[in-house]
Every structure is written in structure tokens, then in C-alpha cells.
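Encoded as C-alpha cells, the structure appears first; notes follow it.
Laboratory data are not the source of any read-out in this text; all were calculated from the coordinates shown. Predicted, not measured: the structure shown is a model, and the values here were computed from it. Here the Cβ positions follow ideal geometry from the backbone for every residue, glycine too, while neighbour counts run over all protein chains shown.
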Amino acid sequence: MLGPRHLFILTGAGISAESGLATFRGAGGLWEGHRVETVASPEGFTADPDLVHRFYNERRRQLHAVSPNPTHRAIARLQREFRGEVTLVTQNVDDLHERGGSPNLIHLHGELLKARCVFCRRIRDWSGDLDTATRCGNCGGNLRPHIVWFGEMPLRLEEVGEALSQCDLFASIGTSGQVYPAAGFVDLAHRAGARCLEFNLEVTPTNPLFHESIVGPAGETVPAWVEDLVSCQDRPET
Ligand code: NAD
Ligand code: ZN
């Protein structure tokens, strides 16, 4: 086959911005008006669990009011039509990739539509509100949002590392490259010999690590890139 064979796609809050979900660092490190230490750290949850529950309840409710956009749909198309392998990893906690048709993906930072018991750690689907009185059906412990907060270990890192070591094309879409370890993925892809592309509205500080930077709204640049990749497969090898 001509061209790349294993794609690794990393997405961030920027791809859901065109659906109406606020990004993270955009407004000076605030997430929907809150300091990230307050709403996205274990210490913040211990200090004020009611506030943290209200924050994620609001984010969960917001999901009912938004829809996937052309970027989510284009990535799903790539997963369906690309003849090689596609690993999709998102830092987003929304469900817009799933609703955009993605058959599989890794949620590195957890999911708004799941809750986890702080004691037995059992994870369950959760679409309503949570509060300090919500109990685990298994052990009676408290439930918390299934979100990876600052200082906690991102999910499925072993699988992610394996895929990064095998990819030959790496695309980072709508992420500021400020949250580790995801911000370091481009470096690992580089070492694996992959061509590295960045899709963003602006040139980010991690940009020198990328071979190419595609500047513009992801809703325009990503569908065009996917169209090229998919149609390129049909051209005969020379
Ligand atoms: P970020 O908010 O730090 O950065 C977003 C990036 O997207 C910026 O570099 C911005 O220039 C770019 N961007 C904005 N609109 C764009 C567009 N239309 N097209 C292309 N690029 C665009 O995002 P991050 O790097 O993903 O880090 C945020 C953290 O906060 C993540 O860990 C995530 O879990 C969490 N978060 C998630 C959501 C969500 O699930 N939708 C929303 C906010 C924050
Ligand atoms: Zn439990």
C-alpha cells in the first residue's frame, strides 16, 4: 500500500469548540470560569465536593445541547475507510467522537458519562447528576466523576505507548500541547519515525516538533485532509 499504514490521531478540546463546548486554557487557564485546581484536582474535590459535582453535572447536561461537528465525522470516516490501522486517542471527556460515528477510541482523561466509586473503583455509565449523597450500588461508597484530574494517571497509557511506537503518521488536532503526558506524544511519534502533523487555529509552543502545521478551523482543515488520505489509497502504486 502506498502512503502511511498506521495513523495515530490525538484530539483535544479544540475539536469540540465548533460544537459549542468551551476549551480549557483559552480563557487564561480557566475551564468555564473556574480555576482548574478547583474543579480538576483531587485536592479541589476534597475541599469542596459539592462545587465539583455541580461543575461536572453542568458539563454533563451541556452534552445534551451539543452535536458532533464535521471534524468528529471526518475522523470517524477515516476510521471506517482507511485501509491501514487508525488509533484514536482523545483528551476530551465529552462523547462527541462516539456520536460522530467513531467505532472505537481511547479516552485518556476519562468520560463525563461515567462515574466511579472512590472505594471499590467500579466504573458505571452515568447520564444524570451526581452529588455527595450518591452511593455505589456495589459497596455503598461515594461516587465521583470518572475524570482524570491533575496529578492522576491518564488511562490506557500502555496501549497508547504501543500504538505510538508503531505509527507512521501522527496527527494532533485541536490541542494546546500543555497537558502532559499527551503533550509528549509527538516526541514519541517522532522517535518512531512518524510524520507529525498539527491542526490548530494557531501555531502552538510544541510546534517545532511537527513536520507540518495546518492552521485553521479543524472543521475545515480536517475533512479536507481525510478526503486526501482516503482517496490517495485508491491511486495505483507506481
Ligand atoms: P486546550 O483547551 O488546552 O486547547 C485547545 C486548543 O484547541 C488550543 O490550542 C486552540 O488554539 C485549539 N482550537 C480551538 N478551536 C479550534 C478549532 N476550531 N480548530 C482547531 N483548533 C482549535 O485543550 P487540550 O489540549 O485538549 O487540554 C484541555 C484539557 O481539559 C483536557 O485534558 C480535557 O480533558 C479537558 N477539557 C475537555 C473538554 C471536552 O471534553 N470537550 C473541554 C475543555 C477541557
Ligand atoms: Zn463501590
* **segment 1-96: radius of gyration over Cα atoms, expressed as a fraction of 2.2 N^0.38 Å** => 1.33
* Exactly which trypsin sites (Lys or Arg not before Pro) in segment 64-93 are in a DSSP loop and have at most 13 other Cβ atoms within 10 Å? -> 83
* Asked: Among the DSSP beta bridges whose two residues both lie in the chain, what percent are antiparallel, rounded to the nearest 5?
  -> 35
* Apply the Debye scattering formula to segment 140-191, with a single equal point scatterer on each alpha-carbon and no solvent, then give log10 I(q)/I(0) at q = 0.22, 0.27, 0.28 Å⁻¹. => -0.92, -1.20, -1.25
* **Within segment 170-216, GluC sites (Glu not before Pro) in DSSP loop having at most 11 other beta-carbon neighbours inside 10 Å** => 202
* **Convex hull volume per residue in cubic angstrom - Cα atoms of the chain** => 121
* **Sum of side-chain charges, residue 79 neighbourhood, beta-carbon under 12 Å (Lys, Arg +1; Asp, Glu -1)** => +1
* Structure fact -> In nm², the average projected area of the convex hull spanned by the Cα atoms of segment 45-127 is 6.4
* List the relative contact order of the chain as a percent without decimals, with contacts defined as Cα pairs under 8 Å and 6+ residues apart. => 24
* To do: Taking all pairs of distinct Cα atoms, average 1/r, flip it, and tell me the Kirkwood hydrodynamic radius of segment 71-167 in Å to one decimal place.
  => 15.0
* Would you please give the FRET efficiency between residue 191 and residue 80, computed as 1/(1 + (r/R0)^6) with r the Cβ-Cβ distance and R0 = 41 Å, to the nearest 0.05? => 0.90
* Structure fact -> Per the beta carbon screen (other Cys under 4.7 Å), unpartnered cysteines of the chain come out as 167, 196, 232
* Structure fact -> Percent of all Cα-Cα pairs per 5 Å bin for segment 136-238, counting from 0 up to the last occupied bin, reads 2, 10, 16, 17, 17, 15, 8, 5, 4, 4, 1, 0, 0
* Cα pair distances exceeding 12 angstrom across segment 48-90, given as percent -> 71
